[in-house]
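What follows is a short report on a single structure.
The values are calculated or read from the model by the stated rules, or taken from the named source; none is laboratory data. Note that the structure is predicted; figures quoted are calculated from it, not measured. Glycine gets a Cβ as well: all are built from the backbone with ideal geometry, and neighbour counts include every protein chain shown. Calculation scope for accessible area: heavy atoms of the full protein, side chains included, ligands and nucleic acids excluded. Shrake-Rupley method; radii C 1.70, N 1.55, O 1.52, S 1.80 Å.
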Amino acid sequence: LTVTLCATGSEAFERIVAAKNAPTGSPHCIDLLITDHKMPGLDGMDLTQKLRQAGCTLPVILVSSSPSVFRDHPAVPELRAILQKPVLRHDLVRQLQLLSNPQATETPEVPRPQRLPAIASHGRRMRILCAEDNRTNRLVFSKMVQDLAIDLSFAEDGRAAVRSEELDITN
């Protein structure tokens, strides 16, 4: 992939319109737009509508922390996908796979990394110290790793984590 970063929706619009007639494979050709929902000035939904009005047909993937707010937005049918932030790698890969094989009718299986055993080399459960100050994030992380055979503990911040490790360095 060749990635072109734009600081604003307006800059993205200008680059995409300028590249609209570039031959496929040329360095100026843009095949996909991945845009954030909330951007200053021209947001992702308005950018999509403006691109369609300019005759640009490239697929658009919108990234949003609140995808449910778009139910009735007129630009929704113009989007290839709306991905929830934080974007999971396998969701993005799945969308890229579907774009590279337009005849695919089913979502292809994306190989997921196998879980590594949570047993340390000396036979005890792996101990993980996570520095996180937000209770909700601690709860979410705990749920994400609950099926692993680990001993999980939390520190309120990085300094507390370092102090905790200094106290427990001999174990």
Quiz prompt | Residue selected from region 129-168 under the condition of a type in the set (Val, Ile, Thr) and at pLDDT 85 or above, by the criterion farthest from Leu88 (Cα to Cα) | solution = Thr136
Practice problem: May I ask you to list the residues in region 135-157 that are open to solvent by 60 Å² or more (accessible area, probe 1.4 Å) and either in contact (Cβ under 8 Å) with a residue 60 or more places away in the chain or within 18 Å of Pro86 (Cα to Cα) (or both)? | Solution: Arg135, Thr136, Asn137, Leu139, Val140, Phe141, Lys143, Met144
Exercise. Residue by residue through region 70-94, note down the ones that are surrounded by 14 or more Cβ atoms within 10 Å (Cβ to Cβ), within 20 Å of the chain's Cα centre (by Cα), among the aliphatic types (A, V, I, L, M) and not in a helix (DSSP H, G or I).
Key: Leu79, Ala81, Ile82, Leu83, Val87
Quiz item: Residues Val3, Val60: which one is under 27 Å from Gln97 (Cβ atoms), in contact with a Leu (Cβ under 6 Å, 6 or more places away or on another chain) and β-branched (Val, Ile, Thr)?
Solution: Val60
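Quick grid of which residues meet (1) at pLDDT below 85; (2) part of a loop (DSSP other than H, G, I, E, B):
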site	(1), (2)
Cys29	yes, yes
Lys38	no, yes
Thr48	no, no
Leu58	no, yes
Ser68	yes, no
Leu96	no, no
Pro113	yes, yes
